[in-house]
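Undergrad: Structure in structure tokens, see below.
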Amino acid sequence: MLLNLRILLNNAVLRNGHSFMVRNFRCGQPLHNKVQLKGRDLLTLKTFTGEEIKYMLWLSADLKFRIKQKGEYLPLLQGKSLGMIFEKRSTRTRLSTETGFALLGGHPCFLTTQDIHLGVNESLTDTARVLSSMTDAVLARVYKQSDLDILAKEASIPIINGLSDLYHPIQILADYLTLQEHYGSLKGLTLSWIGDGNNILHSIMMSAAKFGMHLQAATPKGYEPDPSVTKVAEQYAKENGTKLSLTNDPLEAARGGNVLITDTWISMGQEEEKKKRLQAFQGYQVTMKTAKVAASDWTFLHCLPRKPEEVDDEVFYSPRSLVFPEAENRKWTIMAVMVSLLTDYSPQLQKPKF
């Protein structure tokens, strides 16, 4: 049976004619799953060990293979409901969560600022307790990380960070699944971040070293990552024997990097800073000039939506760009998060060799 599974993996092809990247996974021996995440909150990857994050990626690959490739129906969340609080608009987070939860048999309920005002019409404490009585989990995309912390403290159900000012953990899971599919392993990769010291970079800093990945980050002066996050990341690098380099020089960060990564320079809520930010980020656009100093096997990631000033078309639409597989993997990773926090399901696919 395991032999047949390997054959299926090696020959899997999408209906549109595109090869299915899971074929590049280096699989180890079947292992009994010892990781249990049921009932946990996912507010930041800081509170998860390397093995726990690897488990979520393993589960993501498993669901993607069983549902997308084998066409199985897995109603793992049948009878369960999800509250989705969105203070900020979204394409990928909303669509991946709604379709993913429904595909697993559950019922997602979308709540905008027109439906719910966190801490305005009703206190965060009361909101958390009401949602706990009516749903099985809550995914919240909010402005302030502190609001998530209060929701998690007061709720009796799992709270998932769909994005906050400080972290965006579910995006990074999609990034790592994409890189795992492409490279076959994450250990030893060098990630080159070129852009703002924002929630995406913070989430990378809270997790990359746990996989044995190095991080080289370039941010303009005044836009460096949060000092408290940097302090923890430095400790992670020391514990795991990885390199963490912070600079203001984009080419220095790109030099020798396997993965060039950037993000929007102007996040929602920062529109008034647009002119100032565009000036500060001059020279930070990712181009083929940037790629020339990267590793020979370089790839490119961007969590979207993308603006041309952040990365030019030549890189963004090149064969080295993984942005669209990365976007799709938002669905498989958020499905894995919800399954791991709400059920006792164990992956059937062999565990990838991270």
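Undergrad: Within the range 266-283, can you find the residues that are open to solvent by 10 Å² or more (accessible area, probe 1.4 Å) and outside any helix (DSSP H, G or I)?
TA: Within the range 266-283, 266, 267, 268, 269, 270, 282, 283 qualify.
For (1) among the charged types (D, E, K, R); (2) closer than 29 Å to residue 186 by Cβ; (3) touching a strand residue (DSSP E or B) at 6+ places or on another chain (Cβ under 8 Å), each residue gets a yes or a no:
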{"site": "49", "(1), (2), (3)": "no, yes, no"}
{"site": "78", "(1), (2), (3)": "no, no, no"}
{"site": "126", "(1), (2), (3)": "yes, no, no"}
{"site": "137", "(1), (2), (3)": "no, yes, yes"}
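Undergrad: Also, quick follow-up: Taking the options 88, 46, 70, name whichever one is at pLDDT 95 or above, more than 25 Å from residue 209 (Cα to Cα) and not β-branched (Val, Ile, Thr).
TA: 70
Undergrad: Of the conditions (1) touching a residue at least 24 places away in the same chain (Cβ under 8 Å); (2) under 30 Å from residue 221 (Cβ atoms); (3) touching a Ser or Thr at 6+ places or on another chain (Cβ under 7 Å), residue 182 fails just one. Which one is it?
TA: (2)
Undergrad: Turning to a different aspect of this structure: When you go through 325, 319, 308, 347 one by one, which is the residue that is free of Cβ contacts under 8 Å to residues at least 60 places away in the same chain, farther than 28 Å from residue 280 by Cβ and either open to solvent by 10 Å² or more (accessible area, probe 1.4 Å) or in the same structural domain as residue 61 (by the TED database) (or both)?
TA: Only one candidate passes the filter, namely 319.
Undergrad: Given the condition among the basic types (Lys, Arg) and within 27 Å of residue 303 (Cα to Cα), answer yes or no: does some residue in the range 94-104 qualify?
TA: Taking every residue of the range 94-104 in turn, at least one turns out to be among the basic types (Lys, Arg) and within 27 Å of residue 303 (Cα to Cα).
Undergrad: Determine whether residue 152 is crowded, with 18+ Cβ neighbours inside 10 Å, within 16 Å of residue 341 (Cβ to Cβ) and in contact with a strand residue (DSSP E or B) (Cβ under 8 Å, 6 or more places away or on another chain).
TA: Judged against the criteria, residue 152 is a match.
Undergrad: Continuing with this model, one more query. Sort out which residues of the range 69-98 are touching a residue at least 60 places away in the same chain (Cβ under 8 Å) and open to solvent by 40 Å² or more (accessible area, probe 1.4 Å), and write them in order of number.
TA: Correct list: 69, 70, 76, 80, 89, 91, 92, 95.
Undergrad: I'd like the full set of residues that are under 24 Å from the mean Cα position of the chain (by Cα), closer than 19 Å to residue 182 by Cα and of a type in the set (S, T, N, Q), limited to the range 282-311.
TA: 299
Undergrad: Select, from 222, 241, the only residue that is more than 21 Å from residue 279 (Cβ to Cβ) and surrounded by fewer than 17 Cβ atoms within 10 Å (Cβ to Cβ).
TA: The conditions single out 241.
Undergrad: Can you tell me which of 242, 287, 299, 230 is under 28 Å from residue 144 (Cα atoms) and assigned by the TED database to the domain that holds residue 198?
TA: Of the residues listed, the single one that is under 28 Å from residue 144 (Cα atoms) and assigned by the TED database to the domain that holds residue 198 is 230.
Undergrad: Being under 22 Å from the mean Cα position of the chain (by Cα) and open to solvent by 50 Å² or more (accessible area, probe 1.4 Å), is that true of even one residue in the range 52-61?
TA: no
Undergrad: Further question: Would you point out the residue of the range 244-265, among those that are surrounded by 20 or more Cβ atoms within 10 Å (Cβ to Cβ) and of a type outside the set (A, V, I, L, M), that is nearest to residue 51 (Cα to Cα)?
TA: Per the criteria, the residue is 258.
Undergrad: Among all residue pairs at least 6 apart or on different chains, which show Cβ distances below 8 Å where the first residue, located in the range 227-255, is under 26 Å from residue 300 (Cβ atoms) and the second is of a type in the set (Asp, Glu) and open to solvent by 20 Å² or more (accessible area, probe 1.4 Å)?
TA: Qualifying pairs under 8 Å: 230/224; 244/234; 245/252; 246/224.
The values are calculated or read from the model by the stated rules, or taken from the named source; none is laboratory data. Fair warning: this is a prediction, and the values are worked out from it, not measured in the lab. So basically every Cβ, Gly included, is an ideal-geometry build from the backbone, and we count neighbours across all protein chains shown. For the accessible areas, the whole protein counts, side chains as well, though only heavy atoms, and no ligand, DNA or RNA atoms are used. Shrake-Rupley method; radii C 1.70, N 1.55, O 1.52, S 1.80 Å.
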